[in-house]
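For reference, the structure is listed below as structure tokens.
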Amino acid sequence: MVCAAPGPSVLDIPPKTFLLNPVTFKGPCNSTNVQVQISGNIVAPVDASAWNKDADKGHWILFDSINGLVISGSGEINGQGSYWWNCRSDVNFSKCSSTPDAALEVRSCNNSQLKGLNFVDSPRMHVVFNHCVNVQISQITATAPKDSPNTDGIHIAGCQYVEVMNSIIQTGDDCISIETGSSNIYINGVKCGPGHGISVGSLGDSGEEDSVEQVVVSNCNFNGSMNGVRIKTWQGGSGYARGIKFQNINVNNVDHPIVIDQYYCGGNHCKNETSAVKVSNVSFINIHGTSTREDAISLACSQTVACTDILLENIQLTTLVPGKNATSYCLNAHGTAKASVEPPVSCLD
């Protein structure tokens with residue numbers, strides 16, 4: 001009825017607790033203003049029989065092809081992820097009878113918004129936006145234990161013109177991950193940690209041609225995360241990551257505050273390939289704080305496809321390692337260091 005309404009329509013979830021089996025809300029809808037207001041708590045099933053492995057693989061709650069979708073409220077989306085984390089024997093959940101992926105996936109929904117909700121303990125990713133144009137995400141929280149596998153806070157794939165604002169993400173994987181096909185992504189005022197930081201990538205897995213461009217991450221705080229701001233690509237891929245700016249960033253007790261990693265690999269036996277995703281026009285500006293490691297800056301670029309037009313400006317990072325000074329690592333990265341950059345990066349002019 002909500003989708004069929006000719007004008008603005010509202011699906012209201014009242015302030016109670018609801019057990020919800022995997023569900024798909026499929027458009028297109030007659031209305032260009034579909035609102036889902038969640039005041040209650042929505043809980044995922046842990047009974048494997050509730051999950052149809054073929055039909056529901058990859059999502060718990062899916063909104064597909066609904067333009068003008070607004071999902072908002074103060075409610076909680078609880079994926080009860082500990083069941084799935086406990087049954088796994090590896091990151092692919094190979095011993096689990098089903099493989100739920102995202103708690104909430106928004107797919108092919110243009111002019112959409114997500115605001116105010118609290119996501120807890122997703123089996124894997126908490127929020128996924130896939131192939132959407134013109135998206136606003138604001139004032140959400142995503143929380144899971146720091147050792148929970150693959151529990152990205154927000155995952156953006158194949159999307160254009162996305163804003164993520166004023167949100168708190170504390171999970172076991174990337175706070176925000178931006179993958180291939182995404183452009184014009186703007187992230188502002190996010191608090192991240194624990195987690196793996198805010199990442200562009202990974203890109204180029206299995207020899208794929210991937211691309212991400214025009215990304216701005218600003219006014220974000222990282223506390224106790226594995227990484228701060230990061231670009232990660234696999235060896236053997238192609239494509240590009242370009243036009244990326246990380247600015248006005250504070251890091252506290254972060255393992256690796258600034259990272260370009262073109263040797264990202266999910267296993268222990270990774271080949272050094274001759275092709276790589278091209279990383280260019282990347283800026284790190286006004287980044288301050290503390291690293292738990294000595295190597296606070298790591299620019300590990302491909303030996304065959306160099307990183308170019310890299311800018312570091314006004315960087316002040318110190319290490320928490322007693323009696324040590326912060327250091328940097330640089331491989332085949334070319335660009336400029338401006339103002340004060342601490343620790344110094346030898347390969348930049």
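The values are calculated or read from the model by the stated rules, or taken from the named source; none is laboratory data. Keep in mind it's a predicted model, so treat the numbers as computed, not measured. Backbone-built Cβ (ideal geometry, glycine too); neighbour counts: all protein chains shown.
Data overview
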read-out	value
Among (1) under 25 Å from GLU179 (Cβ atoms); (2) more than 22 Å from the chain's Cα centre (by Cα); (3) surrounded by fewer than 17 Cβ atoms within 10 Å (Cβ to Cβ) - the single one VAL305 does not satisfy	(3)
Residue pairs meeting the criteria (Cβ under 6 Å; at least 6 apart or on separate chains; first more than 22 Å from GLY75 (Cα to Cα) and touching a residue at least 60 places away in the same chain (Cβ under 8 Å), in the stretch 21-39; second assigned to a strand (DSSP E or B) and hydroxyl-bearing (Ser, Thr, Tyr))	none
Among (1) out of contact with any Lys or Arg (no Cβ under 8 Å at 6 or more places or on another chain); (2) modelled with pLDDT of 95 or more; (3) crowded, with 20+ Cβ neighbours inside 10 Å - the single one ILE260 does not satisfy	(1)
Residue among SER302, SER275, SER298 that alone is touching a strand residue (DSSP E or B) at 6+ places or on another chain (Cβ under 8 Å) and modelled with pLDDT of 95 or more	SER298
Residue count, the stretch 284-302 (criterion: in a strand (DSSP E or B) and surrounded by fewer than 24 Cβ atoms within 10 Å (Cβ to Cβ))	8
Strands (runs of 3 or more DSSP E) within the stretch 116-210 that include 1 or more residues farther than 28 Å from SER302 by Cβ	118-120, 127-130, 133-138, 141-143, 160-165, 168-170, 182-188
Candidates SER98, SER108 - the one that is crowded, with 16+ Cβ neighbours inside 10 Å, under 21 Å from HIS126 (Cβ atoms) and at pLDDT 90 or above	SER108
